[in-house]
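> Sending over a structure as structure tokens; questions will come in a sec.
The values are calculated or read from the model by the stated rules, or taken from the named source; none is laboratory data. Every value quoted in this text rests on a predicted model; they were computed, and no experiment measured them. Neighbour counts run over all protein chains shown; Cβ positions are idealised from the backbone, glycine included.
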Amino acid sequence: MNDDPITSKLDELIAVMKSASLPFKDRWLDASGVGALLGYSGRHVAERIACKPDFPRPVRLDGGHPRWKAAEVLAWAETKRDSSQGRPRAA
């Protein structure tokens, strides 16, 4: 590991640029990212959505915070949208 702050910053920027080239569906999202995708807060996702039995299971790398694959979250949201279509809204 290099102790030079400029080299460290360049390493960080390169990592950001590489992740930006990754297609969205292949990205891993934290609760805040899932919330932004679905229109909720990260806290709402963690406490009310992620615990649903049909929601995609998270991955925890090295015991860290849970992450969800964007494609799986989008597929789950589509099933919710499809199942809610055709039902009349409450007046």
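> Show the residue pairs meeting these rules: Cβ distance below 9 Å; 6+ apart or different chains; first residue within region 13-32 and under 14 Å from P58 (Cβ atoms) and at pLDDT 85 or above; second residue outside any helix (DSSP H, G or I) and among the aliphatic types (A, V, I, L, M).
W28/V59; A31/A50
> If you check K25, K18, which single one turns out to be loosely packed, with under 10 Cβ neighbours inside 10 Å and part of a helix (DSSP H, G or I)?
Residue meeting the stated conditions: K18.
> Run down A36, A50 and say which single residue is of a type outside the set (D, E, K, R) and touching a Pro at 6+ places or on another chain (Cβ under 8 Å). Show your work before the answer.
Values: A36 fails: touching a Pro at 6+ places or on another chain (Cβ under 8 Å).
Answer to the check: A50.
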